[in-house]
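The values are calculated or read from the model by the stated rules, or taken from the named source; none is laboratory data. Bear in mind that the values here come from a model prediction, so they are computed numbers and not experimental data. With ideal geometry, Cβ positions are generated from the backbone for all residues, glycine too; neighbour counts draw on all protein chains shown.
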Amino acid sequence: MAKGLIKIGFIIIAGIGFMVSNGCQPEIIEDPDGEIILENNQGVIIFNFKLPENRVPVDKVHRIDLSIAEDSYSLYSGYFIKSANVSDVKSSYSFVLDAGEYYYQAGITCECLGDTCLWDGYPGGQWGTKWTSGKIQIIKGEKIIKDLTFNN
């Protein structure tokens, strides 16, 4: 009789463990690059990082930075919690973050010779950098899309 109770107790504990582990599975959000698995309090930010088409040919403008920080002080001090390995080939970047408020920055540079970069608003001309930054709000279980724009 005691062995039977132990066996039943073991089955009940195993069943509860199975239900708890499956009941806490992360949510899944679809992304253009594939699916992203989210934990309980996370959301997704997708940055569309298109290069501007102005006086400078697009092949002479390069992405150099896309970073996220917890607050503005950390952003301007370079204490990032996430940074993308940006490239001239890829134009969309996604980050999975806990729900809350964050700050981002993105940078591009120009490689043209002469004054072409200067005329297009790149400080200092060749290899000058344009920056954009702002604040984003991550909401639990949601996907947010942010289009990055650079002003002169």
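Computed values, structure above
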quantity	calculated
Subset of the stretch 71-95 (residues that are of a type in the set (A, V, I, L, M, F, W, C) and either at pLDDT below 95 or over 11 Å from the mean Cα position of the chain (by Cα) (or both))	LEU75, PHE80, VAL86, VAL89
Test: residue in the stretch 28-42 that is among the polar types (S, T, N, Q) and at pLDDT 95 or above	no
Filter pass, TYR103 being in contact with a helix residue (DSSP H, G or I) (Cβ under 6 Å, 6 or more places away or on another chain) and over 20 Å from GLU39 (Cβ atoms)	yes
